[in-house]
Amino acid sequence: FSADYYQITYNDRSGSTGLQDLMLYFPERVTRAAPTAADTAAGYAGLVTTWDASNINLAWVKTKGWDYRATYARTFDFGDVMASVAFTDPNVAVTRSTPSAAPSSAFGHQPSRLSASFFWGRGPWDIGVAMNHQNRYFINGLTSTTFAYPEYTEYNPQVSYDFGRDARFAPEAPEWWARYLAGSKVTVTIINALNEEPSRADAANSRFTGDPRLRRYIISFAKKF
């Protein structure tokens with residue numbers, strides 16, 4: 001079992017900011033039309049026509065949290081059992097978008113995540129499943145469940161057969177196909193077996209860790225020479 005605490009301060013983070021911050025702190029990135037007579041009389045600048053919203057060096061981002069992990073492995077009469085579980089509990093990230101701006105946690109809510117796996121192996125066989133779970137989290141600092149991304153759970157079962165552990169498939173086997181399979185392994189994996197679909201908004205943001213391609217099948221063949 002392990003528990004890790006992290007606390008990170010990220011200075012001069014590269015990112016984008018809103019138009020209001022650009023006008024207040026980076027006026028050179030805002031293009032305006034020539035002020036009209038009414039603008040001049042009122043003391044206004046000209047109408048904003050375009051602005052440069054490409055990434056710039058912002059002030060800082062601070063974040064902290066905990067990572068927990070536990071693993072278990074044991075050999076029984078019925079085979080080998082291997083299990084693991086990991087949990088990430090991030091705290092709210094605090095951002096200061098510009099040197100003059102007030103620190104804000106409005107966009108700093110990160111989802112907690114859980115991953116686990118359980119596998120059984122005996123002889124040439126390995127069978128198991130891995131699970132990834134992302135907890136519900138709130139949007140832009142709001143705390144109402146109306147404004148929350150839903151939780152997401154993904155199951156990925158896997159089965160493999162290692163011919164190298166089967167004495168029938170040895171380099172000295174009488175059959176050519178048995179000799180060819182010596183030292184090889186076949187693995188079949190189903191990604192997102194239940195075809196769990198994330199919300200479109202969640203799949204589009206950078207906090208989602210699942211695979212938006214939905215259910216997929218992977219067949220792999222590896223051979224040692």
Positive minus negative residues near residue 148 (Lys, Arg vs Asp, Glu; Cβ under 12 Å):
-1
Among 45, 66, 55 - extreme Cα towards positive end, dipole of the stretch 1-116, charges at beta-carbon
45
Give the separation of the Cα centroids, the stretch 42-101 to the stretch 172-225, in Å.
28 Å
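Just from its helices, what would the mean residue ellipticity at 222 nm be for the chain, if runs of 4 or more DSSP H residues each count -39500 (n - 2.57) and the sum is divided by every residue, rounded to the nearest 500 deg cm²/dmol? Could you put the intermediate results ahead of the total?
Values: 4 runs with 24 residues, N = 225.
When only DSSP H runs of four or more count, the value is -2500 deg cm²/dmol.
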Computed for the stretch 1-98: size of charge dipole around the Cα centre, +1 on C-beta of each Lys and Arg, -1 on C-beta of each Asp and Glu, debye to nearest 20, value 200 debye
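Please compute the per residue accessible area over the chain with all protein chains in place, 1.4 Å probe, rounded to a whole number of Å².
Numbers: 14560 Å² over 225 residues.
For the chain, the solvent-accessible area averages 65 Å² per residue.
Mind putting a number on the dipole of the chain about its Cα centre? Charges go on the C-beta only, +1 for Lys and Arg and -1 for Asp and Glu, and I need it in Debye to the nearest 20.
The calculation lands at about 220 debye.
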In whole Å, what are the extents of the chain along the principal axes defined by its C-alpha atoms, from largest to smallest?
98, 37, 33
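Assuming 0.890 mPa s and 25 °C, estimate D for the stretch 1-119 with Stokes-Einstein, Rh taken as the Kirkwood radius over Cα pairs, in µm²/s. Walk me through the intermediate numbers first.
Working: Rh = 18.6 Å.
Value of D from the Cα-based Kirkwood radius: 132 µm²/s.
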Heavy-atom accessible surface of the stretch 52-100: percent carbon and sulfur, 1.4 Å:
53 percent
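The values are calculated or read from the model by the stated rules, or taken from the named source; none is laboratory data. Since this is a predicted model, take the numbers as computed values, not measurements. Glycine also receives a Cβ, built like all others from the backbone with ideal geometry; neighbour counts cover every protein chain displayed. Please note that ligands, DNA and RNA were not included when accessible areas were found on the heavy atoms of the full protein model with its side chains. Shrake-Rupley method; radii C 1.70, N 1.55, O 1.52, S 1.80 Å.
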